[in-house]
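Every number in this text was worked out from the coordinates using simple rules, so none of it is lab data. All of these numbers come straight from a predicted model, not from anything done at the bench. Cβ: placed from backbone, ideal geometry, glycine included. Neighbour counts: every protein chain shown.
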Amino acid sequence: MSDYAKQYYIELIPNFQSLGHAEKVLLNPKFRNIAESNSIYAPTKPETIKFMKDIYSEMSPAFESQFSHVNCDETFDMGRGPSAEKVKELGAGRVYVDYINQLFNILKDNGKRIMMWGDIVLQYPEVLDLLPKDAVMMTWEYSDYDSYAKWIDPFVEKGFDFMICTGVLNSYRISPDYKMAIPNIRKFIKEGAEKGAMGVLNTVWDDGGLHTFDRDWYGIAYGAEHSWNPNDRELSDFDHRLSKAIYESEGQELFSAIHRLTEMCEIEALDNMSEIVF
């Protein structure tokens, strides 16, 4: 896959849930010994580190990219299992960063530079100085705010490379929430560019299975444009250029339908375009 993608100037970056969101792996009885809970690995168990070494030693050679994304976000259950004593002794932030540093060394041994979600270290800013400055912080927020300083400035002040992570939310929905996604993409990326972000990861969240991915392409294209050229142009200008570039058409019927679906989110009976209406 990496070789195929390279033909089209795409670099595949390995990604493995290395702490939280591990439900699928931990369903296997073989791995229950490294579970903190049903959804998170036990960060203080040596067996967990051995498992991660095995995973990354097998996965890393398959990718030419210098980066590897370990995730490690939303670790809500940390301290509710085998790590409880250490969390009580050192604090959740310190236990978390000690685990990240072990992942950092594993990836370094495999020739990779670590990428990680930034939400947990933002909750424990006192541990930022304990992280290797070589780590790339993937700072994410998917809502619409006038300022994203809360998600950017701590990493700028500590000298980390960081990427802006915007979101097209389409989980359990009939249509993506573009009323939130469009301003989130535009404003978050623009502020990140002004403050020295090294890039953008425009995410798509479509858990649930009802969606069709073609509804997400509009937000993906909008994120791509702003990743290259942050701007405050009217959305209609983007629609016109996208129609000509992708569909070779001056027509705006598709985009009118997309915007109409977005407006329908305001209808209370449709529950924000949730699949519940079915």
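Exactly which GluC sites (Glu not before Pro) in region 51-145 are in a DSSP loop and have at most 13 other Cβ atoms within 10 Å? Display every interim value, and only then the final one.
Details: sites: GLU58, GLU64, GLU74, GLU85, GLU89, GLU126, GLU141; in loops: GLU64, GLU74, GLU141.
Within region 51-145, the qualifying GluC sites (Glu not before Pro) (loop, at most 13 other Cβ atoms within 10 Å) are GLU64.
Find out how many positive minus negative residues lie around VAL168, taking Lys and Arg as positive, Asp and Glu as negative, among other residues whose Cβ is under 10 Å from that of VAL168.
Working: positive: ARG215; negative: ASP177, ASP206, ASP216.
Residues close to VAL168 contribute a combined charge of -2.
Quick one: which of LYS150/LYS179; LYS45/LYS133; LYS45/LYS88; LYS108/LYS158; LYS88/LYS108 span more than 19 angstrom between C-alpha atoms?
Working: LYS150/LYS179 22 Å; LYS45/LYS133 25 Å; LYS45/LYS88 16 Å; LYS108/LYS158 21 Å; LYS88/LYS108 30 Å.
From the list (LYS150/LYS179; LYS45/LYS133; LYS45/LYS88; LYS108/LYS158; LYS88/LYS108), the Cα-Cα distance tops 19 Å for LYS150/LYS179; LYS45/LYS133; LYS108/LYS158; LYS88/LYS108.
What's the local net charge at SER227, with K and R +1, D and E -1, over the other residues with C-beta under 12 Å away? Intermediate values should be presented prior to the final figure.
Values: positive: ARG186, LYS190; negative: GLU225.
Spelling it out: positives minus negatives among the neighbours equals +1.
Under a 10 Å cutoff between Cα atoms, tell me which one of GLY79, GLY251, GLY219 has the largest fluctuation in the Gaussian network model of the chain.
GLY251
How about region 57-148: which chymotrypsin sites (Phe, Trp or Tyr not before Pro) there are in a DSSP loop, with at most 16 other Cβ atoms within 10 Å of their Cβ? Present the calculation step by step, with values, prior to reporting the outcome.
Values: sites: PHE63, PHE67, PHE76, TYR96, TYR99, PHE104, TRP117, TRP140, TYR142, TYR145, TYR148; in loops: PHE63, PHE76, TYR142, TYR145, TYR148.
When the chymotrypsin sites (Phe, Trp or Tyr not before Pro) of region 57-148 are filtered for loop state and at most 16 Cβ neighbours within 10 Å, PHE76, TYR145 remain.
With θ taken as phi - 60° and the coefficients 6.51, -1.76 and 1.60, list the Karplus ³J(HN,Hα) couplings across region 180-192 in order, rounded to whole Hz; mark glycine and proline as x.
8, 5, 4, x, 4, 4, 5, 7, 5, 5, 4, 5, x
Take VAL97, VAL156, VAL136, VAL168 and order them by how many other Cβ atoms sit within 10 Å, fewest up front. List each step's numbers first, then the result.
Details: VAL97 22, VAL156 15, VAL136 19, VAL168 26.
Sorted ascending by nearby Cβ count, the order is VAL156, VAL136, VAL97, VAL168.
When DSSP assigns beta bridges and you keep just the ones with both residues in region 135-278, what percent turn out antiparallel, to the nearest 5?
On the way: 1 of 13 bridges.
Rounded to the nearest five, the antiparallel share is 10 percent.
Relative to the longest principal axis of the C-alpha atoms of the chain, give the angle of the C-alpha long axis of helix 46-59, reported between 0 and 90° and rounded to the nearest 10°.
With rounding to tens, the tilt is 50 degrees.
Going by amide H atoms built from the backbone, whose H comes under 5 Å of the H on GLY199, apart from near neighbours?
ILE164
So who's got an amide H within less than 5 Å of the one on ASP161, skipping anything under 5 residues away but keeping other chains? H placed 1.01 Å off N, in plane.
Long-range HN contacts for ASP161: MET137.
Which of HIS69, HIS226, HIS259, HIS21 has the fewest other C-beta atoms within 10 Å, and how do the rest follow up to the most? Don't skip to the end; give the middle numbers.
Working: HIS69 21, HIS226 25, HIS259 18, HIS21 15.
Ascending Cβ contact count within 10 Å gives the list HIS21, HIS259, HIS69, HIS226.
Pick the calculated Cα extents along the principal axes in Å for this structure from (1) 73, 52, 44; (2) 60, 41, 39; (3) 47, 39, 37?
Here Cα extents along the principal axes in Å agrees with entry (2).
Report, in debye and to the nearest 20, how large the dipole of the chain comes out about its Cα centre when Lys and Arg carry +1 and Asp and Glu carry -1 on their Cβ.
Dipole of the chain, to the nearest 20 debye: 1000 debye.
Cut-off under 15 Å on the C-alpha distance; same-chain residues fewer than 8 positions from LYS24 excluded. Which aspartates and glutamates are left, in chain and number order?
Partners found: GLU36, ASP207.
Listing SER83, SER39 from the residue with the fewest other Cβ atoms within 10 Å to the one with the most, what is the order?
Working: SER83 24, SER39 19.
Ranking SER83, SER39 by Cβ neighbours within 10 Å, fewest first, gives SER39, SER83.
Compute the signed sum of charges (Lys and Arg +1, Asp and Glu -1) over the other residues within less than 12 Å, Cβ to Cβ, of MET138.
With Lys, Arg at +1 and Asp, Glu at -1, the neighbours total -4.
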